[in-house]
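Here is the structure we will look at, set down as structure tokens.
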Amino acid sequence: MSGCFTPFHTEYELTISSTEGGSVTNPGEGIFTYCCSKVVNLTAEAEAGCRFINWTGDVGTISNVEAAATNITVNGDYSITANFVAVYNLTISSTIGGNVTTPGEGTFTYDAATVVNLVATPDAGYQFGNWIGDVDTIVNIYDATTTIAMNGDYHITAYFEADFMVTAGAAHTVGLKSDGTVVATDFWQSYVGNWTNIVQVAAGGDNTAGLESDGTVVAVGFNSSGQCNVNNWTDIIQVDTNGESVEYGFPFGGYTVGLKSDGTVVAAGDNTVGQCNIGSWTNIVQIVTGVGHTVGLKSDGTVVAVGDNSGGQCNVGNWTNIIQVCAGGFYTVGLKADGTVVAVGMNDYGQCDVSGWTDIVQVAAGCIHTLGLKSDSTVVAVGDNTIGQCDVSGWTDIIQVAAGCIHTAGLKSDGTVVAVGDDANGRCEVEGWDLN
């Protein structure tokens with residue numbers, strides 16, 4: 001004969017269930033009958049990638065509702081549930097030039113849907129660029145202080161940019177020093193050696209442009225197409241220039257574009273193929289120039305392009321989630337927020353063969369070769385290598401890369417510069433530079 005034989009009630013029902021992510025293994029799940037005052041052991045086990053949270057329901061007699069292994073005293077008809085939640089790993093790293101101070105760097109585990117605060121702090125001489133990697137749930141990838149919602153296992157990197165930089169033109173290399181002065185190879189030094197208060201430089205075919213701290217622009221070099229007629233520009237936050245090279249015989253004249261602080265764009269110089277038809281552009285956050293085409297990155301991660309499209313280099317209308325663009329001879333490259341790379345246009349030397357690249361934080365395009373800076377400060381390259389312009393596999397400690405027509409320059413974290421490829425006119429003679 002079963003039962004507890006109390007004068008009021010002999011047996012009670014205990015109903016046990018669980019949420020997704022685990023199960024109750026002891027005594028199991030379902031409806032169980034026990035004598036009154038029976039102490040029943042409970043064991044909840046989480047599945048891989050999940051964790052036990054607590055017991056809910058009729059939990060008044062459970063010893064510890066937050067323990068997966070506990071017990072319940074059955075003094076009535078009870079219904080209880082074991083609750084589980086998915087857990088995800090957030091792996092955080094940074095490039096040279098700063099670190100992530102909140103929550104830190106390494107791998108952290110969070111419950112699903114947790115909103116994690118992120119703070120990236122640049123070192124002296126650097127500024128925060130953007131977050132890269134699994135960034136779909138980051139509120140603003142361009143903000144050093146932001147949040148990420150944990151809906152999966154994510155790996156993100158804080159990318160920092162130096163206040164000093166290197167740029168490569170068709171036949172020369174130019175370096176911006178941290179004090180706002182400029183150095184250049186060959187006779188170009190005599191053109192830019194007196195520049196001060198410069199915050200960005202761009203080297204074109206046979207001309208160079210410099211952005212001053214007050215938002216005005218200076219330019220030197222060939223001006224047969226008016227590419228240096230930028231003296232009246234104001235409120236500029238970025239410049240780029242290209243075209244017109246005597247040495248390489250580019251088919252179009254030179255031109256210069258400037259990005260204004262309100263997201264609009266101005267241009268000067270050759271417009272033979274419509275490369276300067278940018279008057280209607282808005283919400284632009286970056287601009288680049290190819291030999292005869294202009295590319296603009298919009299704030300929503302889409303891309304616009306005008307000018308020569310003979311190789312399909314302007315076919316960027318379907319690109320999304322782009323955080324940086326660069327323009328080569330007759331092709332265009334885009335860096336996606338997840339660190340992968342896309343490219344369109346002429347590919348006769350394999351310069352667009354970038355689909356397998358990962359963990360890229362910056363890209364650069366030459367005439368027919370493409371460079372990618374990886375988050376570990378190494379460099380990858382594809383395309384023409386007849387003069388060694390892609391011989392960068394041994395480079396380390398690089399924080400920025402620049403592609404000339406057939407030469408490559410790399411900026412190291414200590415401010416020194418390395419270069420490979422065509423050294424005609426001393427364009428690779430950068431050994432003594434210290435930009436920091």
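Key figures
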| read-out | value |
| --- | --- |
| Which label in (i) 66, 46, 36; (ii) 68, 54, 42; (iii) 109, 41, 40 gives the computed Cα extents along the principal axes in Å | (iii) |
| Within segment 69-177, percent of DSSP bridges classed antiparallel, to nearest 5 | 85 percent |
| Fraction of antiparallel bridges per DSSP, the chain only, in percent to nearest 5 | 90 percent |
| Candidates Y110, Y78, Y255, ranked by Gaussian network fluctuation over the chain, Cα under 10 Å, top entry | Y78 |
| Extension gain, Q189 back to N283 (0.36 nm per residue minus Cα-Cα distance, nm) | 30.3 nm |
| Relative contact order, percent, the chain [alpha-carbon distance under 8 Å, six or more residues apart] | 9 percent |
| Inter-centroid distance (Cα atoms) of segment 367-427 relative to segment 269-290, Å | 27 Å |
| Cα gyration tensor category, rounded, prolate or oblate, for segment 87-161 with a/c compared to 1.5 | prolate |
| Inter-site label distance for N26 and D235 at 7 Å from Cα along Cβ, in nm | 7.3 nm |
| Label point distance in nm, D77-D397, each placed 7 Å from Cα along Cα→Cβ | 7.6 nm |
| Among L14, L297, L411, residue whose mean-square fluctuation peaks in a GNM of the chain (springs only between Cα atoms under 10 Å) | L14 |
| Within segment 1-91, GluC sites (Glu not before Pro) in DSSP loop having at most 13 other beta-carbon neighbours inside 10 Å | E20, E47, E66 |
| Sum of -39500 (n - 2.57) over DSSP H runs of 4+, divided by residues of the chain (222 nm, nearest 500) | 0 deg cm²/dmol |
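Only the coordinates and a few stated rules stand behind these numbers; no lab work does. Computed from a prediction, not measured in an experiment: that's the story for all the values here. Neighbour counts are summed over all protein chains in view; Cβ atoms, including those assigned to glycine, are modelled from backbone coordinates with ideal geometry.
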